Amino acid sequence: MKMTFRWFGRDDQIPLTYMKQIPGMTGVVGGIFHIPAGEDWPEADVRQLFEQTKNANLSLDVIESVNVHEDIKLGLPTRDQYIENYKSTLRTLSKYGVKVVVYNFMPIFDWTRSDLAMPLEDQSTVLAYARDQIENVDPNEMIERILNESKGHAMPGWEPERLTQIAKLFEQYEGMTEDRLFENLVYFLEQVVPVAKECDIRLAIHPDDPPWSVFGLPRIVKNEADLDRIIEAVDEPENGLALCSGSLGANRDNQLNRIFEKFIMMDRVPFIHIRNVAHLENGDFHEVAHKDSSGSVDVVGLIKVLHKHQFNGYLRPDHGRMIWGEDGRPGYGLYDRALGAVYMQGIWDSLEEE
Ligand SMILES: [Mn+2]
């Protein structure tokens, strides 16, 4: 496995040198966050990104994410232009050696949480999801809370320019079924996968977070059956998955070890996020440290699966806690993610010894 670390480019307060200092860190997972979804990424911005990582002696093989414009998800006639832009962006990225491009297909909202800084017993803080604070409230209320709690940090997936159009977006999604959303995903994949193939890039869809319908919006990347349907629809290795133990693991019915092993054996998993979550009795969940015993995800078991199949793709520690007084982007502080990266490598190394 190749250990990587998410980097927010010019918006990131953590220097690349610090990331490089984490033992075993081979590269960063980057993106361009000031360009709205749907636009073609200018080569000058891409080149700059690469020069920065090269100077820091880190690879930039994974881009997370090239976001999919809502018109593509909605299946509007205007989608074709946005799909052309997507192809063009893939071609630009391939010039710089990008191997994996992550995206998601969640309507309107990227990930959803009720609290970005829920204190744990040890006074660290984490992202949390309380059903009654999300599933029974007006989406605008939730948006306001998230933006207030982000303390000025740009939150991936929560770009303000998108959120100002929220009422209109909800109108547009009225009557949208899972099947129609899925058809729109397939339409997108049928066009971009051949270009990805030409470019030697693997696309990797990130699961829905949380993996169930929120605010009545359809969701189609929730479980093993959904993942099966997606990879079968366009049966090419370039149509891949970004398996995320935190997103899929928020639903206790998802058998993570089985899902990971199955799709890794099919060679459809170019990229993995590992994070741990703790489930509460009432179905709520919150994030915790990566250590296996901290939560409900069998982190040791997952690394065992990766090791058993000598997983050669990219992996990154997903959200961590905020610890040691760090004032960072919620979920993306330096310290706890670094601990997670080293913890996972410790498990891997001990398996190598056996
Ligand atoms: Mn994830």
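The values are calculated or read from the model by the stated rules, or taken from the named source; none is laboratory data. Only a predicted model underlies this, so the values are computations on that prediction, with no experimental measurement involved. Virtual Cβ from ideal backbone geometry, glycine too; neighbours counted across all protein chains shown.
The number of residues in the range 202-229 that are more than 16 Å from the ligand (Cβ to nearest atom), over 21 Å from G175 (Cα atoms) and not basic (K, R) comes to 3. Please determine, by comparing only the residues of the range 242-261 that are away from the ligand (no atom under 16 Å from the Cβ) and in contact (Cβ under 8 Å) with a residue 40 or more places away in the chain, which one is nearest to Y173 (Cα to Cα). The qualifying residue nearest to Y173 (Cα to Cα) is R252. In the range 96-118, what count of residues is obtained for those that are touching a helix residue (DSSP H, G or I) at 6+ places or on another chain (Cβ under 7 Å) and polar (S, T, N, Q)? The total comes to 2. Can K168 be described as basic (K, R), away from the ligand (no atom under 16 Å from the Cβ), within 27 Å of I63 (Cβ to Cβ) and over 21 Å from the mean Cα position of the chain (by Cα)? No, not satisfied.
The number of residues in the range 192-221 that are outside any loop (DSSP other than H, G, I, E, B) and not small (G, A, S) comes to 10. Looking across the range 53-77, the residues that are free of Cβ contacts under 8 Å to residues at least 40 places away in the same chain, assigned to a helix (DSSP H, G or I) and either surrounded by fewer than 18 Cβ atoms within 10 Å (Cβ to Cβ) or not acidic (D, E) (or both) come down to K54, N55. Looking at the structure I just gave you, is S65 in contact with a strand residue (DSSP E or B) (Cβ under 6 Å, 6 or more places away or on another chain), more than 15 Å from Q191 (Cβ to Cβ) and at pLDDT below 95? So S65 fits the description; yes. Is it true that some residue in the range 106-122 is basic (K, R), closer than 22 Å to F285 by Cβ and surrounded by 17 or more Cβ atoms within 10 Å (Cβ to Cβ)? Within the range 106-122, one or more residues are basic (K, R), closer than 22 Å to F285 by Cβ and surrounded by 17 or more Cβ atoms within 10 Å (Cβ to Cβ). Scanning the range 318-333 for residues that are among the small types (G, A, S) and either closer than 19 Å to S245 by Cβ or within 16 Å of the ligand (Cβ to nearest atom) (or both) returns G320, G331, G333. In the range 276-284, the count of residues that are more than 30 Å from V192 (Cα to Cα) and surrounded by 23 or more Cβ atoms within 10 Å (Cβ to Cβ) is one or more. Filtering the range 14-32 to residues that are aliphatic (A, V, I, L, M) and within 12 Å of S59 (Cβ to Cβ) leaves L16, M19, M25, V28, V29. When we screen N239, N276 for residues that are within 16 Å of the ligand (Cβ to nearest atom) and more than 22 Å from F109 (Cβ to Cβ), the only hit is N276. State yes or no: is R268 outside any helix (DSSP H, G or I), surrounded by 21 or more Cβ atoms within 10 Å (Cβ to Cβ) and more than 16 Å from the ligand (Cβ to nearest atom)? So R268 fits the description; yes.
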